[in-house]
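The values are calculated or read from the model by the stated rules, or taken from the named source; none is laboratory data. Since the model is a prediction, treat every value here as computed from it, not as a measurement. A quick note on method: Cβ atoms are made from the backbone with ideal geometry, for glycine too, and the neighbour counts reach across all protein chains shown. Ligands, DNA and RNA are stripped out before the accessible areas are found, and what is left, the full protein with its side chains, is counted by its heavy atoms. Shrake-Rupley method; radii C 1.70, N 1.55, O 1.52, S 1.80 Å.
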Amino acid sequence: VRPRRITVSLREYEEGAVRFYASDLDELERLGLAYTKARVFYNPHMRSNRDVAVAVASWLGEGVRAADVMAASGVRALRLAAEAGATVVANDRNPLAYHAIRMGIRRNGLESSVDAWLMDANLASLALREGGGVDYLDVDPFGTPSPYLWAAVRAVRPGGILALTATDTPVLYGVYPRKLRRVYFARGTKAEFHKEAGLRILAAYAARVAAVYDLAARPVLAHATRHYARVYLRIDRGALRASEILDRELGWTSYCPRCGWRSVHASEPPAEEGSCPECGSRLSWVGPMWVGDLQDGEAVEAIAAILRKGNHSSREALQIIETIRGEVGLPPLYYDLDALASRSRLPSPSPKATVEALRSLGYGASLTHYEKKSIKTDAPIGELIRVIRDLAGGAR
Ligand SMILES: C[S@@+](CC[C@H](N)C(=O)[O-])C[C@H]1O[C@@H](n2cnc3c(N)ncnc32)[C@H](O)[C@@H]1O
């Protein structure tokens, strides 16, 4: 039998402090193939995602043990080693990716700090756990991280971070409620605050999976950017802590699709959906979702400082973290100003002017990283609409 020859063209890329190998994106484009069809995957648009990941790993301190159980080209793992000084396992089940990772390790002289593994992500997580666990674990799949969480939560040492990317955003954002139920055991609808609801559903799901193993998972940083949702959770041991999270931090949101009114509850939804106190329409319930703080103020400040100081942080990463700084401490679920204004037949206000007006009335308010035309505030919805009306009056 003549051996079958397979030719794969890889290209050398540079990102952050490293050079690495992945499928040639220009060639794919010439062939009319999407970048998702790459034999060795690399998405340059996820750079800011990796910039933040490197900052989070750096924030954990010196001598961090890290892993990317779905490493593809290995760019993330190589950066974690080169920029955050971590010792890293870069795993992928695709043999071509495995070889590309090995080439990347040699190219950067990272033989002593990065190890390439070739196996299923769940097996890799369990093997990491058997080896004493890691301080930082990245789960970065195509689509949902849900099937990988059960092994991943157990591979993180106490005090460590589990980082999750989800690209099945239409599911998390409530466009496909039946699939949301199957994949995340959650109920949802596409609400005006769908991106934040999706992040909160993902965080709650991770917390519930962790609780199965008497682990407490708590988000420290979360962002919804481009086509993905990203949550960083700190994992700690303890049945009591895990139960407290389920009791206090998880809950449901009742939402009126007609007028946009919403209310967040740290409890189960009632048997009857109920009606909106503002307009009387039937309410939708979204959850279980994380109803506590999605962003840990101290962590966000420290990670922002690292990103600002870093030589390799993209503008997008800095922008994400700086905007999130403003969101810290404000209640769940942003307001979509276009939707609110159009419902009241008012022109859509400037988000910046709206935030300033709310603050001058003594409310907390901020722009958000979710949508350009959205804000967060602790003002009641009626007050916000009054502000939008006043701004429209001033504009006339
Ligand atoms: C989105 S890419 C990862 C990108 C990479 N983390 C980065 O930052 O560039 C997903 C990778 O997961 C790999 N993969 C998919 N399912 C897997 C599984 N069950 N076990 C291990 N690897 C898997 C694919 O081969 C692909 O390389």
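Select from the stretch 249-324 those GluC sites (Glu not before Pro) which occupy a DSSP coil region and have at most 16 other Cβ atoms within 10 Å, ordered by residue number.
E272, E273, E278
When the Kirkwood radius is taken over all Cα pairs of the stretch 293-396, what Stokes-Einstein diffusion coefficient follows at 10 °C and 1.306 mPa s, in µm²/s?
109 µm²/s
Skipping prolines and chain starts, which residues have an amide H placed within reach, meaning under 5 Å, of the one on M70, given they are 5 or more residues away or on another chain?
Amide H to amide H, under 5 Å and 5 or more residues apart or across chains, M70 pairs with N91, D140.
Report the convex hull volume per residue for the stretch 248-289, counting only C-alpha atoms, in Å³.
Output value, Cα hull per residue: 58 Å³.
Take S9, project a point 7 Å from its Cα along the Cβ direction, then tell me which residues of the stretch 16-33 have their backbone nitrogen under 19 Å from it.
20-33
If you count only protein heavy atoms with a 1.4 Å probe, what accessible area per residue comes out for the chain, rounded to a whole Å²?
Numbers: 17810 Å² over 396 residues.
Ligands and nucleic acids excluded, the result is 45 Å² per residue.
So which GluC sites (Glu not before Pro) in the stretch 1-91 are both in a DSSP loop and have at most 14 other Cβ atoms within 10 Å of their Cβ?
Hits after loop and neighbour filter: E62.
Please report how many Lys pairs in the chain have alpha carbons closer than 25 angstrom, counting only residues at least 8 apart along the chain or sitting on separate chains.
13
Pick from P219, P141, P277: which residue has the top mean-square fluctuation in a GNM of the chain where Cα pairs under 10 Å get a spring?
So, out of P219, P141, P277, the one fluctuating most is P277.
Mind telling me which of N43, N91, N122 comes out most flexible in a GNM of the chain, alpha-carbon contacts under 10 Å?
Ranking N43, N91, N122 by mean-square fluctuation puts N43 first.
Within the stretch 21-60, which residues have the backbone N less than 20 Å from the label spot 7 Å out from L118 along Cα→beta-carbon, could you tell me?
21-24, 38-42, by backbone N distance to the label point.
Can you tell which of L80, L346, L96 shows the greatest fluctuation in a Gaussian network model of the chain with Cα springs below 10 Å?
L346
For a test of the definition: using alpha carbon positions, the gyration tensor, and the 1.5 limit on a/c, classify the stretch 1-75 as rounded, prolate or oblate.
Because a/c hits 1.5 or more and a/b exceeds b/c, the stretch 1-75 counts as prolate.
May I ask for the net charge around G362, where only other residues with Cβ less than 12 Å from the Cβ of G362 are counted and Lys, Arg are +1 while Asp, Glu are -1?
Surrounding charge for G362 is -1.
Over the stretch 253-333, what lengths in whole Å, largest first, do the semi-axes of the equivalent ellipsoid take, defined as the square roots of 5 times the eigenvalues of the alpha-carbon gyration tensor?
Square roots of five times the eigenvalues give 37, 13, 9 Å.
Using modelled backbone amide H atoms (1.01 Å from N, in-plane), which distant-in-sequence or interchain residues come within less than 5 Å of V134's amide H?
V156, R157
Compare K309, K372 by solvent-accessible area with a 1.4 Å probe and give them largest first, with all protein chains kept in place.
K372, K309
Above 27 angstrom, tally the Cα pairs of the stretch 25-171 and express them as a % of all pairs, no decimals. Kindly include the intermediate steps, with their values, before the conclusion.
Details: 1641 of 10731 pairs.
Result: 15 percent of Cα pairs exceed 27 Å.
Could you state the orientation-averaged shadow area of the convex hull built on the Cα atoms of the chain, in nm² to one decimal? Don't jump to the answer; show the numbers that get you there.
Working: hull surface 90.6 nm².
The Cα convex hull of the chain, projected and averaged over all directions, gives 22.7 nm².
What would the Debye formula give as log10 I(q)/I(0) at q = 0.22 Å⁻¹ for the alpha-carbon point model of the stretch 221-273, no solvent?
-1.00
Give me log10 I(q)/I(0) at q = 0.16, 0.17 Å⁻¹ for the stretch 98-240, Debye formula, one equal scatterer per alpha-carbon, no solvent.
Cα-only, vacuum Debye calculation for the stretch 98-240: -0.86, -0.94.
For the stretch 198-338, what is one quarter of the convex hull surface built on the Cα atoms, given in nm²?
With every direction weighted equally, the projected area is 10.2 nm².
Net charge near L118, counting Lys/Arg +1 and Asp/Glu -1 over other residues with Cβ under 9 Å of its Cβ? Could the numbers behind the result be given before it?
Details: positive: R93; negative: D92.
Around L118, the surrounding residues sum to 0.
Counting only helical runs of four or more DSSP H residues, what would the 222 nm mean residue ellipticity of the chain come to if each run contributes -39,500 (n - 2.57) and the total is spread over all its residues?
-12000 deg cm²/dmol
Once the Cβ-Cβ distance between A305 and E244 is put in as r, and R0 is 41 Å, what FRET efficiency do you end up with, to the nearest 0.05? Present the calculation step by step, with values, prior to reporting the outcome.
Numbers: r = 30 Å, r/R0 = 0.73.
It comes out at approximately 0.85.
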